Amino acid sequence: MSIVLQDKQASTREWLEENFQQTLTDHQQGTDHPHAGFRRNAFARLQSMDFPTRRDEDWKYTSVNRILITPFRNGSLSSVSAAELANCQIPGLETTRMVFVNGVWDQSLSDLDRVPEGLILQPVHQAMEDPAVRKWIESQTARPGGTGQNAFLPMNLAFAQSGLYLRVGRNIAVDKPLHFIYFNTSEDQPHFSHPQIFLHAERSSTVTLIEDHRALAGAGTCFTNAAAWVDLEANAQVHHYRMQQQNLETYQIHNTLVNQTRDSVYNSYVVDLGGRIIRNNLSVELAESNTETHFYGTYLANGEQHMDNQTFIDHAMPHCQSNELYKGILSDRARGVFNGKVLVRQDAQKTNAFQQNSSLVLSSGAVMDAKPQLEIYADDVKCSHGATIGHLDETSVFYLMSRGIPAPQARLLLQQAFLGEVIRNMHLEEMANYALELIAIKLNAVSQTIITS
Amino acid sequence: MLHIKDLQVSVEDQQILRGINLDVKPGEVHAIMGPNGSGKSTLANVLAGREEYEVTSGTVQFNQQDLLDMDVDERAHAGIFLAFQYPVEIPGVSTMNFLKSAINAQRTARGEAELNPMEMLKLLREKTKLLGMDESFLKRSLNEGFSGGEKKRNEMLQMALLEPKLAILDETDSGLDIDALKIVSDAVNQLRSPDRSFIIVTHYQRLLNYIVPDYVHVLYQGRIVKSGNKDLALQLEDQGYDWIKAEAEAALAQ
């Protein structure tokens with residue numbers, strides 16, 4: 001490692017060290033509390049690791065330097081107005097809400113009295129007092145995940161102020177989606193927060209989780225370092241939504257690590273609209289047979305936005321199906337990255353694995369890097385991957401205009417349709433409509449730059 | 001209504017139209033025939049405003065406006081409609097959403113109020129029925145996975161909804177079976193009126209048994225080399241294009 005890099009990371013380590021002592025103090029956890037030990041272990045792991053640089057294969061197109069040079073402070077709770085909260089309502093959808101402000105759980109704004117029956121919902125520090133749960137949590141965090149040099153996972157574990165532990169009981173179908181709203185608000189100094197979810201879906205349970213990351217006006221520079229661990233027991237079904245509407249100064253790194261056992265279904269739906277640098281690591285391990293996995297992702301970047309999706313699907317056992325569809329639109333000087341790894345191990349016969357990434361690049365200054373990787377060691381499988389990068393189809397624009405639709409509207413329609421192909425796979429119609437509406441709002445806002453470029 | 005004078009058009013530096021002169025008056029139906037590669041489709045596309053075609057000379061006046069100076073959508077607002085030879089498939093845009101957008105865009109451009117959802121639905125139902133189409137087709141993505149006949153019928157539906165002043169049909173009859181052909185010609189005949197004109201580009205005389213044209217023009221090597229009435233189409237059907245080619249080349253040689 002070069003001296004310059006060492007220096008850079010040394011100053012990062014300094015502000016992290018200060019924050020970590022503060023974190024321990026804030027949570028007043030004695031040295032004998034299991035969570036304190038857990039944090040210390042995570043912090044030790046963080047200290048033993050280098051932060052990723054662009055020399056690391058998995059971070060080749062995304063530099064985290066901008067994030068690391070900002071001396072972030074732990075976030076603290078501040079008030080969110082009723083109007084702001086009302087603004088988060090997903091039209092037509094009744095949900096159970098948990099509200100977090102700058103990484104801290106605001107219980108007064110959360111539906112604590114409406115936690116569905118059969119669902120255990122606890123702060124991680126409380127959950128860890130139960131040795132069995134602690135053991136389960138440790139087994140989750142021991143999983144490698146799909147991305148190398150991922151210092152952000154131990155960072156999340158060391159610093160999370162309000163991690164939540166969720167367990168959906170056997171045969172329980174949680175009918176109302178869980179809506180976790182993470183607000184970033186204005187603070188004196190740039191703050192970082194570490195949304196953290198441990199979701200244990202027991203045998204034959206069903207649950208929908210919506211992560212909703214957003215920044216309020218004036219929030220300034222923030223760093224959201226989120227992580228979710230999802231463990232699906234046999235026959236469980238999890239629908240996992242992530243809607244991201246940060247401001248243009250916010251950095252967000254999101255890690256999702258999923259473990260699927262037999263007959264389970266995990267569906268991920270990602271909509272990235274905001275943020276300055278966004279990096280999603282989504283990794284699933286198919287540990288038993290007959291599982292089904294769908295990754296649906298959309299990204300819509302303009303200005304200087306940078307959006308990077310890394311996915312990893314590990315087919316270890318036979319008769320599993322995975323399907324990935326990521327589509328995005330880039331304009332101005334935006335950058336997009338898609339790095340999709342699919343590993344089909346020798347025992348994973350009869351695997352069906354499909355992956356597709358398509359991007360529209362609408363300006364000469366915008367860049368998309370797509371890197372599908374299929375590694376297959378089994379011989380009786382159906383796998384395919386494809387990546388396309390293109391412009392808006394001018395013949396389609398002409399067709400729409402020849403019917404009297406003005407050029408800007410024609411282009412909007414085509415872009416909405418392009419992303420709509422992903423969105424319409426959402427299992428909740430209300431979420432699909434909501435996502436399409438948010439996409440339309442952003443497309444309208446950026447259409448002027450698209451036309452002139 | 002439409003005055004084309006000495007229209008010359010190139011595509012990628014290759015001259016396709018070499019001086020077209022054509023007058024279309026309100027209420028008239030003009031058929032344009034000619035062998036492959038004679039420039040028929042180019043003429044249709046240039047009138048609709050397709051960018052790949054470069055007009056190197058000539059003028060086109062449409063209701064006293066300079067058509068060549070207008071954007072594609074402005075031409076549509078002025079009343080030009082092109083039924084595409086190959087209608088474009090657009091996944092993710094429902095036929096319904098597309099038709100609504102087109103109708104309301106044209107109304108807005110004309111300074112009329114947009115139709116409310118009830119009025120729109122009523123109009124769409126009425127016209128789909130007229131074209132013998134099932135309503136479920138409105139929910140499908142525009143032209144995606146449509147059969148050839150369905151695509152052409154969809155073009156006629158758009159024409160019936162948009163009620164243009166000048167409709168240009170670019171080989172709408174090609175590849176249609178007789179039932180679909182009747183639907184297309186019924187749609188045209190129902191729309192025929194003293195103030196609406198049609199230019200029908202076709203390869204086959206058969207269509208003209210159902211849509212009887214006022215004039216038939218033969219395009220050859222980028223020029224109209226012969227004009228007549230519907231009997232000319234019958235003569236072409238009987239004798240092919242060789243005699244026309246011979247005449248045209250003889251005229252050029254002089």
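Some points to look at:
- Taken together, A:Val367, A:Val422 contain a single residue that is at the interface with chain B (Cβ under 10 Å from one of its Cβ atoms), surrounded by 15 or more Cβ atoms within 10 Å (Cβ to Cβ) and touching a strand residue (DSSP E or B) at 6+ places or on another chain (Cβ under 6 Å), which is A:Val422.
- Of all residues in the stretch B:117-135, those that are under 21 Å from B:Ser185 (Cβ atoms) and touching a residue at least 40 places away in the same chain (Cβ under 8 Å) have Cβ atoms under 7 Å from Cβ atoms of residues that are surrounded by 12 or more Cβ atoms within 10 Å (Cβ to Cβ) and not charged (D, E, K, R), 6 or more apart or on another chain, in B:Leu130/B:Ala160; B:Leu131/B:Met156; B:Leu131/B:Leu157; B:Leu131/B:Ala160; B:Leu131/B:Ile183; B:Leu131/B:Ala187; B:Gly132/B:Ile183.
- Of all the numbered requirements in (1) within 11 Å of chain A (Cβ to nearest Cβ); (2) surrounded by 14 or more Cβ atoms within 10 Å (Cβ to Cβ), B:Arg110 misses one, and that requirement is (2).
- Condition met for A:Leu428 (of a type in the set (A, V, I, L, M) and crowded, with 22+ Cβ neighbours inside 10 Å): no
- Selection of the stretch A:282-296 for residues being over 22 Å from A:Thr141 (Cα atoms) and in contact with a Phe, Trp or Tyr (Cβ under 7 Å, 6 or more places away or on another chain) yields only A:Tyr296.
- Restricting A:Asn19, A:Asn41 to those that are out of contact with any Cys (no Cβ under 6 Å at 6 or more places or on another chain), buried (at least 16 other Cβ atoms within 10 Å of the Cβ), over 30 Å from A:Met368 (Cα atoms) and not aromatic (Phe, Trp, Tyr) reduces the list to A:Asn19.
- Within the span defined as the stretch B:63-73, every residue fails to be more than 8 Å from chain A (Cβ to nearest Cβ), open to solvent by 60 Å² or more (accessible area, probe 1.4 Å), under 30 Å from B:Glu144 (Cα atoms) and touching a residue at least 12 places away in the same chain (Cβ under 8 Å).
- Residues in the stretch A:389-406 that are at the interface with chain B (Cβ under 7 Å from one of its Cβ atoms) and either of a type in the set (Val, Ile, Thr) or open to solvent by 30 Å² or more (accessible area, probe 1.4 Å) (or both): A:Thr395, A:Ile405, A:Pro406.
- Number of positions in the stretch A:341-358 that are open to solvent by 10 Å² or more (accessible area, probe 1.4 Å) and in contact with a Phe, Trp or Tyr (Cβ under 7 Å, 6 or more places away or on another chain): 3
- Test result for A:Glu84, farther than 30 Å from A:Glu129 by Cα, in contact with a Gly (Cβ under 8 Å, 6 or more places away or on another chain) and not aliphatic (A, V, I, L, M): no
- Screening the candidates A:Ile69, A:Ile120, A:Ile137 for the property of being surrounded by 17 or more Cβ atoms within 10 Å (Cβ to Cβ) and either in contact with a Pro (Cβ under 6 Å, 6 or more places away or on another chain) or not polar (S, T, N, Q) (or both) yields one hit, A:Ile137.
- Considering residues of the stretch B:23-35 that are under 16 Å from the mean Cα position of the chain (by Cα) and open to solvent by 10 Å² or more (accessible area, probe 1.4 Å) only, the residue farthest from B:Ala167 (Cα to Cα): B:Asp23
- For the stretch A:212-226, taking the residues that are touching a residue at least 40 places away in the same chain (Cβ under 8 Å) and more than 20 Å from A:Arg66 (Cβ to Cβ), the one that is least open to solvent (accessible area, probe 1.4 Å) is identified as A:Asp212.
- Which numbered condition A:Asn235 misses (of (1) open to solvent by 10 Å² or more (accessible area, probe 1.4 Å); (2) closer than 30 Å to A:Phe72 by Cα): (2)
- Within the stretch B:36-50, the set of residues being open to solvent by less than 20 Å² (accessible area, probe 1.4 Å), away from chain A (no Cβ under 14 Å) and polar (S, T, N, Q) comprises B:Ser38, B:Thr42.
- Restricting attention to the stretch A:25-49, the residues that are outside any helix (DSSP H, G or I) and not small (Gly, Ala, Ser) total 7.
- Condition met for B:Asn21 (assigned to a strand (DSSP E or B) and more than 14 Å from chain A (Cβ to nearest Cβ)): yes
- Count - residues of the stretch A:262-304 that are farther than 18 Å from A:Gln245 by Cβ and not aliphatic (A, V, I, L, M): 16
- Selection within the stretch A:350-379 - over 22 Å from A:Thr147 (Cβ atoms) and not polar (S, T, N, Q): A:Lys350, A:Leu360, A:Val361, A:Leu362, A:Gly365, A:Ala366, A:Ala378, A:Asp379
For every residue, the table says whether it meets (1) of a type in the set (Ser, Thr, Tyr); (2) under 15 Å from the mean Cα position of the chain (by Cα); (3) closer than 27 Å to A:Tyr434 by Cα.
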position	(1), (2), (3)
A:Pro318	no, no, no
A:Asn323	no, no, yes
A:Lys341	no, no, no
A:Ala348	no, no, no
A:Ser358	yes, no, yes
A:Lys371	no, no, no
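- Condition met for A:Ala151 (free of Cβ contacts under 8 Å to residues at least 12 places away in the same chain and not basic (Lys, Arg)): no
- Residue list for the stretch B:137-161, restricted to those being under 15 Å from B:Asn97 (Cβ atoms) and more than 14 Å from chain A (Cβ to nearest Cβ): B:Phe137, B:Leu138
- Considering the conditions (1) in contact with a helix residue (DSSP H, G or I) (Cβ under 8 Å, 6 or more places away or on another chain); (2) under 17 Å from B:His217 (Cα atoms), B:Asn63 is excluded by exactly one of them, (2).
- Just one of the numbered conditions (1) of a type outside the set (S, T, N, Q); (2) surrounded by 23 or more Cβ atoms within 10 Å (Cβ to Cβ); (3) under 12 Å from the mean Cα position of the chain (by Cα); (4) more than 11 Å from chain A (Cβ to nearest Cβ) is not true of B:Ile80: (4).
Residue by residue, here is whether (1) more than 19 Å from A:Gly145 (Cα to Cα); (2) open to solvent by 20 Å² or more (accessible area, probe 1.4 Å); (3) modelled with pLDDT under 95 holds:
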{"site": "A:Gln244", "(1), (2), (3)": "yes, no, no"}
{"site": "A:Asp263", "(1), (2), (3)": "yes, yes, no"}
{"site": "A:Asn267", "(1), (2), (3)": "no, no, no"}
{"site": "A:Gly297", "(1), (2), (3)": "no, no, no"}
{"site": "A:Pro318", "(1), (2), (3)": "yes, yes, no"}
{"site": "A:Tyr326", "(1), (2), (3)": "yes, no, no"}
{"site": "A:Asn339", "(1), (2), (3)": "no, no, no"}
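- Number of the exception - B:Tyr53 against (1) more than 12 Å from chain A (Cβ to nearest Cβ); (2) open to solvent by less than 60 Å² (accessible area, probe 1.4 Å); (3) not aliphatic (A, V, I, L, M): (1)
The values are calculated or read from the model by the stated rules, or taken from the named source; none is laboratory data. Please read these numbers as outputs of a predicted model, since none were measured by experiment. No Cβ is skipped: glycine too gets one built from the backbone with ideal geometry, and neighbour counts run over all protein chains shown. What goes into the accessible areas is simple: the full protein's heavy atoms, side chains included, and nothing from ligands, DNA or RNA. Shrake-Rupley method; radii C 1.70, N 1.55, O 1.52, S 1.80 Å.
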